[in-house]
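A.B. asks: There's a structure below that I have some questions on.
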Amino acid sequence: MYAAFEALSPASKIWIYQSNRPFQEGEINSLHAALRTFVESWTAHNKELQGSYLILRNQFIVLAVDETNMPASGCSIDKSVHFMQIIESELGVTLFDRMLLAFEEEGQLHTLHRNEFEKAVQSGRITANTTVVNNMVFTKEALESKWLLPFSESWHAQMFQPATA
């Protein structure tokens, strides 16, 4: 059962899939249709899940399940992963590369491989105030409050240290 994302419980479970590139306008229209069809038929143990989705910044797909009435099961999660693999193949994008990290620079979203991101921190390109994307959020509430954070307040700051003079 499709539900408006805004109507889902703040505790709803989410999964974020980051594309290695922004989606093009035509791809976004196709994505909306495919995602809505998937969410409307998403089940766990043959029972409808109350699910939704978002496309954020033309580069992130968020799948969500309000587990108030029916929790997602291993099989339903497997279905979503398989569906995202199909999207990946059809659009020629990568959605499962957890080594791609995103940040904002001069109002634009950029993605760098983990090693390049580390170099950007060490060179000062990414600073304490740089907004980074935190794909390590797992609830709707956390998405709304902790998805975009200053580098200094994110898990990134624990992993990547600026070079010392």
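The values are calculated or read from the model by the stated rules, or taken from the named source; none is laboratory data. Here the structure is a predicted model, which is why all the values come from computation and not from measurement. For neighbour counting, all protein chains shown are included, and Cβ atoms are generated from backbone atoms with ideal geometry for every residue, glycine included.
A.B. asks: So for the range 123-137 (the condition being part of a helix (DSSP H, G or I) and not small (Gly, Ala, Ser)), does at least one residue qualify?
C.D. replies: No.
A.B. asks: Let me ask you something else. So Thr94 ticks every box in (1) surrounded by fewer than 15 Cβ atoms within 10 Å (Cβ to Cβ); (2) at pLDDT below 95; (3) over 16 Å from Leu35 (Cα atoms) but one. Which box is left unticked?
C.D. replies: (2)
A.B. asks: Oh, and also: Please report, ordered by residue number, the strands (runs of 3 or more DSSP E) entirely within the range 2-78 with at least 1 residues that are among the polar types (S, T, N, Q) and within 17 Å of Thr94 (Cβ to Cβ).
C.D. replies: Of the strands (runs of 3 or more DSSP E) lying wholly inside the range 2-78, those with at least 1 residues that are among the polar types (S, T, N, Q) and within 17 Å of Thr94 (Cβ to Cβ) span 13-18.
A.B. asks: Could you tell me whether any residue of the range 107-117 is of a type in the set (S, T, N, Q), out of contact with any Cys (no Cβ under 7 Å at 6 or more places or on another chain) and over 25 Å from His32 (Cα atoms)?
C.D. replies: Looking through the range 107-117, at least one residue is of a type in the set (S, T, N, Q), out of contact with any Cys (no Cβ under 7 Å at 6 or more places or on another chain) and over 25 Å from His32 (Cα atoms).
A.B. asks: Show the residue pairs that are 6+ apart or on different chains and have beta-carbon atoms under 7 Å apart, the first residue being within the range 3-31 and over 19 Å from His82 (Cα atoms), the second being at pLDDT below 95 and of a type in the set (D, E, K, R).
C.D. replies: Ala3/Asp66; Leu8/Asp66; Ser9/Asp66; Ser12/Asp66; Ser12/Glu67
A.B. asks: Then there is this: Please work out if Lys146 is among the basic types (Lys, Arg), at pLDDT 95 or above and more than 30 Å from Thr43 (Cα to Cα).
C.D. replies: no
A.B. asks: Of all the residues that make up the range 8-51, how many are of a type in the set (Gly, Ala, Ser) and in contact with a Ser or Thr (Cβ under 8 Å, 6 or more places away or on another chain)?
C.D. replies: 5
A.B. asks: List every residue pair whose Cβ atoms sit under 6 Å apart, with the two residues 6 or more apart in sequence or on different chains, where the first one lies in the range 69-87 and is more than 15 Å from Phe138 (Cα to Cα) and in the same structural domain as Ser19 (by TED's automatic domain parsing) and the second, anywhere, is among the small types (Gly, Ala, Ser) and not in a helix (DSSP H, G or I).
C.D. replies: Listed by first residue and then by second, the contacts come to Met70/Ala44; Ser73/Ala44; Ser76/Ala44.
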